[in-house]
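I have placed the structure first, in the form of structure tokens, so that the comments after it can refer back to it.
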Amino acid sequence: MQNLAATTDPAATTAELTQLLHAIAGRLSGEVPAELPGFGVAQSLGGALLFNCHYAAFTGESRYYDLALTQLQAIMGRLDPHSYQSHAGSKYYQELAELGALLDYLVRAGHLDWDAEPLLRQFDVLLEARLAPCLAANNLEIVHGALSVGQYFRRRLPHSAAARRVLTTLLDHLQASQEGDEEQGYYWTCHVIKEPRVYTSLSHGSAMIINFVAALAEVGFEPAKCARLLRYASRFVLQTRMDPAQFLSSIPIWRGRLEPTPNLGLLYGDPSTAFALARAGKVLADDVLLAEAIAIALPSTRADAPHAPFPHEASVYYGTSGAYLVYDGLHRLTGVEDFARAGARWLAATPAQAVFHNDALNFSSNYHQVSQNPLVQLGFNFGLLGIGLTLLHALSGRRHSLDEFIWLA
């Protein structure tokens, strides 16, 4: 891996990031490992399991695999839905889909020498039954809705007969529920927010659906259906463009929101929306769409861009970790070096975000539901686990990639 200091502030060296990684491991997996609730990845013990597997492989220290095995055993004792307790807004089936994807990954990546298929076949039954209520409620969300189920079954395509049924049903629903037309493009209204909106973003919106459908197309699933959805959903996003000189970003978070939009994180903002468009462009072999996506994201890469003061924290969802991961994904897709430099700059800014005076090494998310929650400050989406896993992704040169767990693969 290149020395990150070559493209960033000299004070933020690879050695400093490595030191931070080891400090995070000490806080999460030291003599008294951090205790996390639940069994999924986003806010729960599954995230710690993933961290310890990646950290064990990165350092060669087998004791972290031993801890991961202990955590896996604890997770297996938490799967009873009758005794499940929600935490930080978590939902049982959300965690089940996250855990299923995690187990599938750990086996494929060689971290887990265990036949997970008997358990995953039980997950198949439960999650297939979950799809219909999600679709009936118009809940397409990728965190706890229909696309959460879809993400799980996309991984299960080589192993599960249910996967093709579920994904076919989901694609058919996306076609049947699309709004708009071929001229203005296709879009879907988000119905899980109090005020229904037509989001464009990787969270709740068009980019979320484009990115998911592109992932299906990449594995050869229903290519004609996927291509149609990708073409016209991308057209809609492009037609929402606003003047970045006036509003900082080229794409509004939702249709009609003509306000300054400085977001650069994983969930919202030009880079993550452009990632979905670039992925669609690659799938469709559409060089024009790919070029449009690059043009949308490039202005945000400048160190002197109006975005430059943002974000003000380090989390995967809203902070420097997410900004790095999105730019890294854009570089992987496009080969444009400006994205690699921007990602390295944001990653190198991570240590400076430790300003919150708490037990999570002084890191916290500014997101209002998180800032006062000590457990969430340790978790994957908003806290230390996500920061540590991002550092492992970067310092290992993507050998211990996080892409599968942030929708970028």
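Quick one: compute the contact order of the chain, relative version, from alpha carbon pairs under 8 angstrom and 6+ residues apart, as a percent. Provide the component values of the computation, followed by the final result.
Details: 673 pairs, mean separation 62.9, N = 409.
Dividing the mean separation by the residue count of the chain yields 15 percent.
What residues have an amide H closer than 5 Å to that of residue 254, excluding those fewer than 5 places away on the same chain, when H is modeled at 1.01 Å from N in the peptide plane?
200
Please work out the FRET efficiency for the pair residue 295 and residue 63, using the Cβ-Cβ distance as r and a Förster radius of 45 Å; give the result to the nearest 0.05.
Values: r = 48 Å, r/R0 = 1.07.
Once the sixth-power term is evaluated, E becomes 0.40.
Using a 1.4 Å probe and counting only protein heavy atoms, arrange 407, 114, 254 so the residue with the most accessible area comes first.
Values: 407 30, 114 100, 254 60 Å².
Output order, biggest surface exposure first: 114, 254, 407.
Taking the alpha-carbon distance from residue 282 and a cut-off under 25 Å, which lysines remain once sequence neighbours fewer than 8 residues away in the same chain are dropped?
Hits, sequence-local ones excluded: 225.
Per DSSP H run of at least 4 residues, take -39500 (n - 2.57); add these up for the chain, divide by its residues and hand me the 222 nm value, nearest 500 deg cm²/dmol. Intermediate results must be reported in sequence, preceding the final value.
On the way: 16 runs with 214 residues, N = 409.
So the calculated ellipticity at 222 nm is -16500 deg cm²/dmol.
Taking the chain as a Gaussian network, where each spring joins two C-alpha atoms under 10 Å apart, which residue of 228, 108, 255 fluctuates the most?
The residue that fluctuates most here is 108.
Leaving out same-chain residues fewer than 8 places away, which lysines sit with a Cα under 28 Å from that of residue 91?
194
Rounded to whole Hz and in sequence order, give me ³J(HN,Hα) for the range 185-193 from the Karplus expression 6.51 cos²θ - 1.76 cosθ + 1.60, θ = phi - 60°, writing x for Gly and Pro.
x, 9, 8, 9, 7, 7, 10, 9, 8
Let me check something: with ligands and nucleic acids excluded, how do 111, 159, 22 order by accessible area (1.4 Å probe), largest to smallest? Mind showing how you got there, number by number?
Numbers: 111 30, 159 100, 22 80 Å².
From most exposed to least exposed: 159, 22, 111.
How big is the charge dipole of the chain about its Cα centre, in debye rounded to the nearest 20, if each Lys and Arg gets +1 on its Cβ and each Asp and Glu gets -1 on its Cβ?
Values: 29 positive and 38 negative charges, 80 e Å.
Once rounded to the nearest 20, the dipole reads 380 debye.
Give, in nm to one decimal, the length gained when the segment between residue 137 and residue 304 is fully stretched (0.36 nm per residue of separation minus the Cα-Cα distance). Before the final figure, lay out the partial values.
On the way: separation 167, 0.36 × 167 = 60.12 nm, distance 4.38 nm.
Contour length minus Cα-Cα distance gives 55.7 nm.
Could you size up the charge dipole of the range 63-192 around its Cα centre, putting +1 on the beta carbon of Lys and Arg and -1 on that of Asp and Glu, and report it in debye to the nearest 20?
400 debye
Cα centroids of the range 55-108 and the range 331-378: how far apart, whole angstrom?
Between the Cα centre of the range 55-108 and that of the range 331-378, the gap is 23 Å.
Once phi is turned into θ = phi - 60°, what whole-Hz ³J(HN,Hα) does the Karplus curve with 6.51, -1.76 and 1.60 give for every residue of the range 278-293, x standing for Gly and Pro?
Those phi angles translate into 5, 5, 5, x, 5, 4, 7, 6, 9, 5, 5, 4, 4, 5, 4, 4 Hz.
Do any GluC sites (Glu not before Pro) in the range 29-133 lie in a DSSP loop with no more than 11 other beta carbon atoms within 10 Å, and if so, which?
Working: sites: 31, 35, 61, 95, 98, 128; in loops: 31, 35, 61.
Here the GluC sites (Glu not before Pro) that fit, given the DSSP loop and packing criteria, are 31, 35.
What does the charge add up to near residue 381, with Lys and Arg as +1, Asp and Glu as -1, over the other residues with Cβ less than 13 Å from its Cβ?
Working: positive: none; negative: 95, 98, 313.
Its environment carries a net charge of -3.
Would you pull out the residues with amide H under 5 Å of residue 190's amide H, same chain only if 5 or more places away, H placed 1.01 Å from N?
So residue 190 has HN proximity to 197, 198, 199.
Considering only protein heavy atoms and a probe of 1.4 Å, how much of the accessible area of the chain is carbon and sulfur, as a whole percent?
Details: 8380 of 16110 Å².
Carbon and sulfur atoms account for 52 percent of the accessible area of the chain.
Among 129, 103, 71, which residue has its Cα furthest toward the positive end of the charge dipole of the range 63-208, with +1 on Lys/Arg Cβ and -1 on Asp/Glu Cβ?
71
For the chain, with a Gaussian network of springs between Cα atoms less than 10 Å apart, report the residue from 275, 339, 310 with the top mean-square fluctuation.
310
What's the extension gain from residue 228 to residue 175 if we count 0.36 nm per residue and subtract their Cα-Cα distance?
On the way: separation 53, 0.36 × 53 = 19.08 nm, distance 0.92 nm.
Contour length minus Cα-Cα distance gives 18.2 nm.
Mind checking which of 63, 279, 341 has the largest fluctuation in a GNM of the chain, springs on alpha carbons under 10 Å?
Comparing 63, 279, 341 in the GNM, the peak value goes to 63.
Could you rank 76, 208 by how accessible they are, 1.4 Å probe, largest area first? Walk me through the numbers before you get to the answer.
On the way: 76 65, 208 5 Å².
Order by accessible area, largest first: 76, 208.
The values are calculated or read from the model by the stated rules, or taken from the named source; none is laboratory data. Remember, it's a predicted structure, so these values are computed and weren't measured experimentally. Positions of Cβ are generated from backbone atoms using ideal geometry, with glycine treated the same way; all protein chains shown enter the neighbour counts. Just so you know, the surface numbers come from the protein's heavy atoms only, side chains and all, with ligands and any DNA or RNA stripped out. Shrake-Rupley method; radii C 1.70, N 1.55, O 1.52, S 1.80 Å.
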